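See structure below.
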Amino acid sequence: MNSSTNNYLVLQPLWDYILAEFGGSVNSPIFPVLLAFSGYLCFSLPFVIIDMLGERCQFFYQYKIQKNKCPTISMMICCVWTAVFNHVIYVFPTVFLNWLWMQPVSLPVRAPSICTLLEEVLGCLILFDLQYFIWHVLHHKNHWLYKKVHAVHHNYAAPFSLSSQNLSGIELMTVGFWSIMNPIQLGCHPLTSWICNLLSVWMSVDDHIGYNFPWSLHNTFPFRLYGGALAHDLHHQKPGTNFAPFFRHWDLIFGTACSINENA
């Protein structure tokens with residue numbers, strides 16, 4: 001048995017289980033909405049606890065980027081309410097209409113290979129990174145767009161995990177459109193779409209946690225090409241810098257990258 005066949009067999013049992021146990025559920029229009037929203041809450045929860053402990057837990061607090069600005073319970077509730085409102089009013093109706101438009105949709109019998117899955121996820125993330133970088137720059141350069149669409153996200157100068165979804169309906173719809181359509185346009189497997197969806201939500205939460213942990217991905221990623229919490233926290237402090245959502249290559253190319261040393 002060659003390595004290519006082994007790559008397919010690794011994920012096939014998982015995919016067979018999903019089809020057998022949840023085939024109807026994962027093919028419903030509510031599944032991607034619940035997946036993204038539950039991911040947002042689950043990924044945020046550990047950092048909500050850390051924020052609530054504050055200075056009482058110095059092990060984590062020592063790595064807080066803006067120690068003089070801590071989120072309050074009311075700020076957290078406001079962000080969750082905004083996320084719920086946007087998902088109910090904007091996201092679900094759009095996903096439902098898209099689901100109706102694309103019917104009938106049948107799930108493939110075969111799982112993707114590990115290599116295919118990794119290539120598709122990376123392709124989706126890199127494409128999204130470019131799309132949001134362009135969108136983000138335009139909304140900071142155009143006063144009307146910033147005020148009407150993007151300003152909501154900058155209500156908090158010190159990001160915290162739940163603030164990753166503190167967005168206007170239009171901004172969330174734009175981000176959601178790319179997250180849904182990119183895998184479709186690239187011909188990705190449904191499993192890729194779901195994993196990419198969750199990974200994007202996790203990376204977005206990670207951008208907003210407000211802590212510069214030494215074990216964070218942005219401190220361990222090769223050549224520091226992943227921005228993470230430090231880069232995005234600096235963007236909230238200096239909004240004319242660090243526009244890319246995940247990686248740093250576009251900011252480095254266009255001279256909009258900012259490091260903590262430059263901010264000092």
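Every number here is computed from the coordinates shown, using simple stated rules; none is lab data. It should be emphasised that the depicted structure is a prediction, and the values quoted were computed from it without experimental measurement. A quick note on method: Cβ atoms are made from the backbone with ideal geometry, for glycine too, and the neighbour counts reach across all protein chains shown.
Summary table below
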quantity: Chain lengthening between Ser259 and Asn142 when straightened (0.36 nm per residue, less Cα-Cα); calculated: 39.7 nm
quantity: Total formal charge among the other residues, if their Cβ is under 15 angstrom from that of Val175, Lys/Arg +1 and Asp/Glu -1; calculated: -3
quantity: Ranked by how many other beta carbons lie within 10 Å on average, peptides 188-200, 53-65, 148-160, 81-93 from highest; calculated: 188-200, 148-160, 81-93, 53-65
quantity: Among Leu162, Ala151, Gln103 - extreme Cα towards positive end, dipole of region 3-263, charges at beta-carbon; calculated: Ala151
quantity: Contact order normalised by residue count of region 3-263, Cα under 8 Å, 6+ apart, percent; calculated: 24 percent
quantity: Local electrostatic count at Leu191 - Lys and Arg +1, Asp and Glu -1, tallied over other residues with Cβ under 14 Å; calculated: -2
quantity: Charge sum, other residues only, whose C-beta stays under 13 Å from Leu127's C-beta, Lys/Arg counted +1 and Asp/Glu -1; calculated: -3
quantity: On Cα atoms only, tilt of 190-208 relative to the major axis of the chain in degrees; calculated: 10 degrees
quantity: 0 to 90° range, to nearest 10: angle between helix 73-86 axis and the chain longest Cα axis; calculated: 40 degrees
quantity: Tilt relative to the chain, helix 3-26 - C-alpha long axis, 0 to 90 degrees, to 10; calculated: 90 degrees
